[in-house]
Amino acid sequence: MFKKQTYTLDVAKKKLENYCVYQERCHKEIKQKLQEMHMIPDAIDLIIVHLIEHNFLNEERFAKAFVRGKFNIKKWGRHRLTLELKRKGITKTNINAAIKEINEENYYKTLDELAEKRFLALNEKNKFKKKKKLIDYLLYRGWESHLVYEKVNELIK
């Protein structure tokens, strides 16, 4: 039988500071990490307060970094970004602030590039099946339905 590791408050603080420095984190991830470390609820609260006070943990900064990363790398649309941030327990205010960071022109350009790339990759001969596949792909990535239908109708006539 193995003995579960226990941490003092100071050791846990240090460990979580390093965890936050490595990458932006949200409150939910920190709480989960501390629970995995078998910390008691009072210690979890103390550590989270410490991390916020010393600017290791900042939900708005996390939301903005998350949106930037997922938009630029995974090409996610606003719907998917909003949904994923909600899943992480981010407040509506922080979600809106992060979504506003996306440059409008860049947003449409990304949709165009993504749709055209996928359109060219689809080997479907049936026009309607091809349309459906492209629509499903773009909706799954979180792009607004009116933009998706507009773009797909422009590509497939």
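The values are calculated or read from the model by the stated rules, or taken from the named source; none is laboratory data. Quick caveat: nothing in here was measured; it's all calculated off a predicted structure. Positions of Cβ are generated from backbone atoms using ideal geometry, with glycine treated the same way; all protein chains shown enter the neighbour counts.
Considering only residues of the range 125-138 that are surrounded by 13 or more Cβ atoms within 10 Å (Cβ to Cβ) and without any contact (Cβ under 8 Å) to a residue 40 or more places away in the chain, which is nearest to Arg80 (Cα to Cα)? Applying the filter and picking the extreme gives Tyr137.
Going by the conditions given, is His38 assigned to a helix (DSSP H, G or I), out of contact with any Pro (no Cβ under 8 Å at 6 or more places or on another chain) and not assigned by TED's automatic domain parsing to the domain that holds Ala115? So His38 does not fit the description; no.
Residue by residue, here is whether (1) within 30 Å of Leu111 (Cα to Cα); (2) surrounded by fewer than 18 Cβ atoms within 10 Å (Cβ to Cβ) holds:
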position: Gln5; (1), (2): no, yes
position: Leu34; (1), (2): no, no
position: Met39; (1), (2): no, no
position: Asp42; (1), (2): no, yes
position: Glu59; (1), (2): yes, no
position: Lys64; (1), (2): yes, no
position: Phe71; (1), (2): yes, no
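Scan the range 77-94 residue by residue and report those that are buried (at least 18 other Cβ atoms within 10 Å of the Cβ) and either in contact with an Asp or Glu (Cβ under 8 Å, 6 or more places away or on another chain) or under 15 Å from Lys28 (Cβ atoms) (or both). Of everything in the range 77-94, those that are buried (at least 18 other Cβ atoms within 10 Å of the Cβ) and either in contact with an Asp or Glu (Cβ under 8 Å, 6 or more places away or on another chain) or under 15 Å from Lys28 (Cβ atoms) (or both) turn out to be Gly77, Leu85, Ile90, Asn94. Of all residues in the range 54-65, those that are over 17 Å from Leu83 (Cα atoms) have Cβ atoms under 7 Å from Cβ atoms of residues that are assigned to a loop (DSSP other than H, G, I, E, B), 6 or more apart or on another chain, in Leu57/Arg25; Arg61/Glu24. Comparison of His79, His27 shows that the only residue that is in contact with a Gly (Cβ under 9 Å, 6 or more places away or on another chain), farther than 26 Å from Tyr137 by Cβ, outside the structural domain of Leu114 (by TED's automatic domain parsing) and touching a residue at least 60 places away in the same chain (Cβ under 8 Å) is His27. Quick check on the range 144-156. Is at least one of its residues surrounded by 18 or more Cβ atoms within 10 Å (Cβ to Cβ), at pLDDT 95 or above and touching a Lys or Arg at 6+ places or on another chain (Cβ under 8 Å)? Checking the range 144-156: not a single residue is surrounded by 18 or more Cβ atoms within 10 Å (Cβ to Cβ), at pLDDT 95 or above and touching a Lys or Arg at 6+ places or on another chain (Cβ under 8 Å).
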